[in-house]
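Here's the structure, in structure tokens; my notes come after.
The values are calculated or read from the model by the stated rules, or taken from the named source; none is laboratory data. This is a predicted model, so every value here is computed, not measured. Reconstructed Cβ throughout: ideal geometry from the backbone, glycine too, with neighbour counts over all protein chains shown. We work out accessible area using only protein heavy atoms, side chains counted, and drop any ligands, DNA or RNA first. Shrake-Rupley method; radii C 1.70, N 1.55, O 1.52, S 1.80 Å.
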Amino acid sequence: AHLAGAGVDVLLLDIVPPDGKGGRNAFAAGGKEKALKAKPAAFFSTRDADRITVGNLEDDLAAAAKCDLVIEVVKEDLKVKRDLFADLDQAVAEDTILATNTSALSVTSIAERVAHPERVLGLHFFNPAPVLPLVEVVAAAHSAPWAVERAAAIVEGWGKTAIRVADSPGF
């Protein structure tokens, strides 16, 4: 919601509901709907929600190939994050930055099983994200300088202040 409000077209992917209820995109669509109903408002304008396209990680992962930046926000489980990053690493373009929003796990550990760890880093938004201007750009052990600087430039393009920091799980 915050990025859509900053003028960014967003692809929101989630898992397919295990019970199949609500359709294959139900979790992502539900997240978008919750953001529309949130108090305080998650969107600056409800029209910003039109910038969000929903899908799922099984059917729509290939669409991430068109993204400049992917931000992962799955549960704080190292195996789940590693598996997703391995899939993303194969699906996205060579210059796509892969970012995790974790603050509890090592970004370096998350990147261990990808073929291109140089493009993996962390993005930690200070909350509430729509109000606070700071975003940490977390460089992992193998994060390339180009990836860190490009991520910082993207964040600053959203009107945020990028702070470059080293990987330090749990602060």
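Test each condition in (1) over 30 Å from residue 41 (Cβ atoms); (2) open to solvent by 70 Å² or more (accessible area, probe 1.4 Å) for residue 85 and report the one that comes out false.
Every condition holds for residue 85 apart from (2).
Can you name the residue in the range 26-48 that is among the hydrophobic types (A, V, I, L, M, F, W, C) and at pLDDT below 95 and is also nearest to residue 14 (Cα to Cα) among such residues?
The residue in question is 35.
Condition first: in contact with a helix residue (DSSP H, G or I) (Cβ under 6 Å, 6 or more places away or on another chain), farther than 25 Å from residue 33 by Cα and of a type in the set (Val, Ile, Thr). Now tell me which residues in the range 45-101 satisfy that.
Scanning the range 45-101 gives 92, 97.
Each row is one residue, and each column tells you yes or no for (1) hydroxyl-bearing (Ser, Thr, Tyr); (2) buried (at least 16 other Cβ atoms within 10 Å of the Cβ); (3) outside any helix (DSSP H, G or I); (4) in contact (Cβ under 8 Å) with a residue 12 or more places away in the chain.
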{"residue": "16", "(1), (2), (3), (4)": "no, yes, yes, yes"}
{"residue": "21", "(1), (2), (3), (4)": "no, no, yes, no"}
{"residue": "27", "(1), (2), (3), (4)": "no, yes, no, yes"}
{"residue": "59", "(1), (2), (3), (4)": "no, no, yes, yes"}
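Among the residues of the range 92-117, how many are surrounded by fewer than 16 Cβ atoms within 10 Å (Cβ to Cβ) and over 19 Å from residue 8 (Cβ atoms)?
Residues flagged as surrounded by fewer than 16 Cβ atoms within 10 Å (Cβ to Cβ) and over 19 Å from residue 8 (Cβ atoms) within the range 92-117 amount to 4.
For the range 149-171, which residues satisfy the criterion of being within 11 Å of residue 107 (Cβ to Cβ) and β-branched (Val, Ile, Thr)?
Across the range 149-171, the qualifying residue is only 165.
Kindly indicate the residue of the range 61-79 that is assigned to a loop (DSSP other than H, G, I, E, B) and open to solvent by 50 Å² or more (accessible area, probe 1.4 Å) and also farthest from residue 17 (Cα to Cα) among those meeting that condition.
68
Which condition from (1) in contact with a strand residue (DSSP E or B) (Cβ under 6 Å, 6 or more places away or on another chain); (2) outside any strand (DSSP E or B); (3) farther than 16 Å from residue 163 by Cα is the one that residue 143 breaks?
(3)
Yes/no matrix, rows are residues, columns are (1) crowded, with 21+ Cβ neighbours inside 10 Å; (2) over 14 Å from residue 117 (Cβ atoms); (3) in contact (Cβ under 8 Å) with a residue 60 or more places away in the chain:
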| position | (1), (2), (3) |
| --- | --- |
| 131 | no, yes, no |
| 138 | yes, no, no |
| 141 | no, no, no |
| 144 | no, no, no |
| 154 | no, yes, yes |
| 158 | no, yes, yes |
| 161 | no, yes, no |
| 168 | no, yes, no |
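Find the residue count for the range 29-47, including only residues that are within 28 Å of residue 85 (Cβ to Cβ) and either touching a residue at least 40 places away in the same chain (Cβ under 8 Å) or in contact with a Cys (Cβ under 9 Å, 6 or more places away or on another chain) (or both).
Within the range 29-47, residues that are within 28 Å of residue 85 (Cβ to Cβ) and either touching a residue at least 40 places away in the same chain (Cβ under 8 Å) or in contact with a Cys (Cβ under 9 Å, 6 or more places away or on another chain) (or both) number 1.
Restricting attention to the range 29-57, and to residues there that are closer than 13 Å to residue 5 by Cβ and of a type in the set (Asp, Glu), which single residue is least open to solvent (accessible area, probe 1.4 Å)?
So, considering only residues that are closer than 13 Å to residue 5 by Cβ and of a type in the set (Asp, Glu), the one least open to solvent (accessible area, probe 1.4 Å) is 48.
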